Amino acid sequence: MIPVADGIADEVAAQLVSMPFSAISLLESLELSSGDWLVQNAANGAVGRMVAQLGAARGVNVISLVRRAAGVDELGDQGITNVVATDAEGWADQVRALTGGAPIKAGVDSVGGPASGDILSLLAENGTLVVFGAMESPTMELSSGDLIFKQVTVKGFWGSTVSQTMPAEQRRALFGELIERIASGKLTLPVDTIYSFDEVRAAAAANGEPGRKGKVLLRP
């Protein structure tokens, strides 16, 4: 059981245990300090949005890559900055301009395929590439040159395993941070539609629809 303050809406509290906790656990595992740079793809997905918001709250500079220009405005509407569309010519130069030449210490890949190599190419020497998902392909296309000369570490992240092995005190602290960020408005967990239990078929169908702006929830 996780105690939640009365000021946190049920619709928000219902989402805490899954993706928000994965997002904050992922950030915690990267051991980044305030002022460090992180780059991620699939940034307009639920976890990507949370990583951007939680990172900003911790003082971490997060560059969020999206596939299309419309995604830049979409994330901007949620207060997320440093968003770059990879369908734009010279998008990698945009990333370098945002960092001002500062090293990007970590990257999060949730796509796979060539997108994995794109993230790798942006990392600094001794950087870390974390594999969080494989939306496009289960195979990562990585440059051996980037791996060798940058001496990058590549590792996976599986939220359920991390949660199970995490010390109870640390888990409580991270849940506490999530609740604090939500209460302050620095982390937003939007809801698309709420269905009653007898509308579960419609809810399941809505959950599979692309372009949702938030979660689909069930309420008794």
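The values are calculated or read from the model by the stated rules, or taken from the named source; none is laboratory data. None of these values were measured; they are calculated from a predicted model. A quick note on method: Cβ atoms are made from the backbone with ideal geometry, for glycine too, and the neighbour counts reach across all protein chains shown. Keep in mind that these areas ignore ligands, DNA and RNA; they rest on the heavy atoms of the full protein, side chains included. Shrake-Rupley method; radii C 1.70, N 1.55, O 1.52, S 1.80 Å.
The table below lists the values:
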read-out: Helices (runs of 4 or more DSSP H) contained entirely in the range 86-158, each with at least 3 residues that are surrounded by 19 or more Cβ atoms within 10 Å (Cβ to Cβ) and among the basic types (Lys, Arg); value: none
read-out: Selection status of residue 76, open to solvent by 20 Å² or more (accessible area, probe 1.4 Å) and on the phi > 0 side of the Ramachandran plot; value: no
read-out: All positions within the range 165-207 that are assigned to a loop (DSSP other than H, G, I, E, B) and not hydroxyl-bearing (Ser, Thr, Tyr); value: 166, 167, 185, 186, 187, 189, 190
read-out: Neighbours by Cβ (under 8 Å, 6+ apart or cross-chain): first from the range 151-162, within 15 Å of residue 47 (Cα to Cα); second surrounded by fewer than 13 Cβ atoms within 10 Å (Cβ to Cβ) and modelled with pLDDT of 90 or more; value: none
read-out: Any hit, the range 94-106, residues being more than 22 Å from residue 60 (Cα to Cα), touching a Phe, Trp or Tyr at 6+ places or on another chain (Cβ under 9 Å) and polar (S, T, N, Q); value: no
read-out: Cβ-Cβ under 8 Å pairs, at least 6 apart or on other chains, the range 184-206 side within 18 Å of residue 21 (Cβ to Cβ) and touching a residue at least 24 places away in the same chain (Cβ under 8 Å), far side charged (D, E, K, R) and surrounded by fewer than 14 Cβ atoms within 10 Å (Cβ to Cβ); value: 190/213
